[in-house]
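Visitor: One structure follows; several queries about it will come next.
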Amino acid sequence: MLLLLVLFSKGAMAQSYDIVIKGGHVIDPKNNIDAIMDVGIENGKITLVAKDIDAKQAIQVVDAKGMYVTPGLVDIHTHDFYGTEPDHQYEDGTLGISPDGFTFRNGVTTVVDAGSSGWRTFPIFKAQTIDISKTRVLAFINIVGEGMRGGYEQNENDMDPKMTALVARKYKDIIVGIKLAHYEGHDWIPADRAVEAGTLAGGIPAMIDFGGSNPPLSIEELFMQHLRPGDIFTHCFGQLGSREYIVDITTNKVKPFVWDARKRGIIFDVGYGGISFAFSQAIPAAKENFFPNSISTDLHVSSMNDAMKDMLTCMTKFLAIGMPLHDVIQASTSNPAKEIKHEELGNLSVGSCADVAILDMQKGKFGLFDYSGYKIETDKKLQCEMTIRAGAIVYDLNGIANPIYPPKKVAQSEQNALKGQTHPTEP
């Protein structure tokens, strides 16, 4: 027995990795990797990306043959300030979602809440969601002090750039930008105050959901006179009557000033949402190779049960209209990380946090539609097989890890069962 213990200890000491992912097609745009490679993970960090890492050196081995291995996906437009207030919508309300239940099954390891909270309500959001989520949750803070409380978002008197910037600076590791959303009116004051708050907070970006007005405000004026390079125009493929859109529907061409805005540094983000993406905008843009800088979901209770579904469905839609897979991954990893000035995310660099998505390309017949009912068909669709967050497997669809659970976790589960804390016989 003593000899066996000594041998086991020596074997354990010889293991160099917590996890080795074997044989997957690694796509890591930031590091220009697009090849069959192995990935080694130890102590929550990426330690090696190379050919033929010795699987015997790993506690867990993941067979990713025939699958894509990417950085953990970064969704920069979500609504995570869930709560019980029936009239608060996205701010401590019933339209927000609890991120862990919807992120990992899609390969998403980082979400950015898009302005659900304002400077008055951010501390509550931080305590009840950000601090307790396994998903990395960052935030755009709303220029409206109360956040996204429905009609209250029209209150210009609660759009305080100084207080918004003060809170953004206080939580600078979490708050990545300023959000303007849902404002209805032919008025530049809300956009200007959001940009001002971003400047006062140290140059963080403003994300603009342009709301609506009658007549619609000029997005050329927005891009060229009100926004700064690096500011984000979300819902960029929306086609609603109260907003100007980027594709001229009489010519089916991207408007010339939109190309100029991109050259100027304006960021075009999907922000799919419930009614903020239309194939009638995205398909003509794709034909001109105008693709989004970043793919994001605008994930909330309504959108995930309608045409949007989830991050991988959004990515699949862009694949289906001609965006190359490499670019789809880039727009879902390193690009959004750069946009929010967290370039430590969205890559598989050695030493970086081991956030990894393993994706399978399903073959079949799939229907993809938008809110208007326009439908396209495709023969391939992305599916998440595994998500690793900070070096730990948090989602494994088909049990591709061997062993499925690391020995320490199994041992702890057995101890808890003996103490009556868990019930292993239950389903």
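The values are calculated or read from the model by the stated rules, or taken from the named source; none is laboratory data. It should be emphasised that the depicted structure is a prediction, and the values quoted were computed from it without experimental measurement. Here the Cβ is made from the backbone with ideal geometry for all residues, glycine too, and neighbour counts use every protein chain on show. When the accessible area is computed, the model is the full protein with side chains, heavy atoms only, and any ligands, DNA or RNA have been set aside. Shrake-Rupley method; radii C 1.70, N 1.55, O 1.52, S 1.80 Å.
Visitor: Which of the residues that make up the stretch 21-58 are part of a strand (DSSP E or B), among the acidic types (D, E) and open to solvent by 20 Å² or more (accessible area, probe 1.4 Å)? First the steps, then the outcome.
Guide: Going residue by residue through the stretch 21-58, those that are part of a strand (DSSP E or B) are 21-28, 33-42, 45-50, 58.
Filter once more, keeping what is among the acidic types (D, E): 28, 34, 38, 42.
Correct list: D34, E42.
Visitor: Report, by residue number, each residue of the stretch 67-88 that is under 24 Å from the mean Cα position of the chain (by Cα) and part of a loop (DSSP other than H, G, I, E, B).
Guide: Once the filter is applied, which keeps residues that are under 24 Å from the mean Cα position of the chain (by Cα) and part of a loop (DSSP other than H, G, I, E, B), the stretch 67-88 yields M67, G72, H79, D80, F81, H88.
Visitor: Scan the stretch 327-339 and give yes if some residue there is more than 14 Å from the chain's Cα centre (by Cα) and either open to solvent by less than 20 Å² (accessible area, probe 1.4 Å) or at positive phi (or both), otherwise no.
Guide: Quick first cut of the stretch 327-339, residues more than 14 Å from the chain's Cα centre (by Cα) only: 327.
Restricting the remaining residues to those that are either open to solvent by less than 20 Å² (accessible area, probe 1.4 Å) or at positive phi (or both) gives none.
No, the stretch 327-339 has no match at all.
Visitor: Exactly one of (1) without any contact (Cβ under 8 Å) to a residue 40 or more places away in the chain; (2) within 27 Å of Y395 (Cα to Cα); (3) open to solvent by less than 20 Å² (accessible area, probe 1.4 Å); (4) of a type in the set (A, V, I, L, M, F, W, C) is unmet by I132. Its number?
Guide: All conditions are met except number (3).
Visitor: On to the next question. Taking the stated definitions as given, is I393 part of a strand (DSSP E or B), open to solvent by 10 Å² or more (accessible area, probe 1.4 Å) and in contact (Cβ under 8 Å) with a residue 60 or more places away in the chain?
Guide: The answer is yes for I393.
Visitor: So, restricting to helices (runs of 4 or more DSSP H) that lie completely within the stretch 227-314, which ones have at least 3 residues that are closer than 21 Å to K341 by Cβ and modelled with pLDDT of 95 or more?
Guide: Passing ranges, in order: 256-264.
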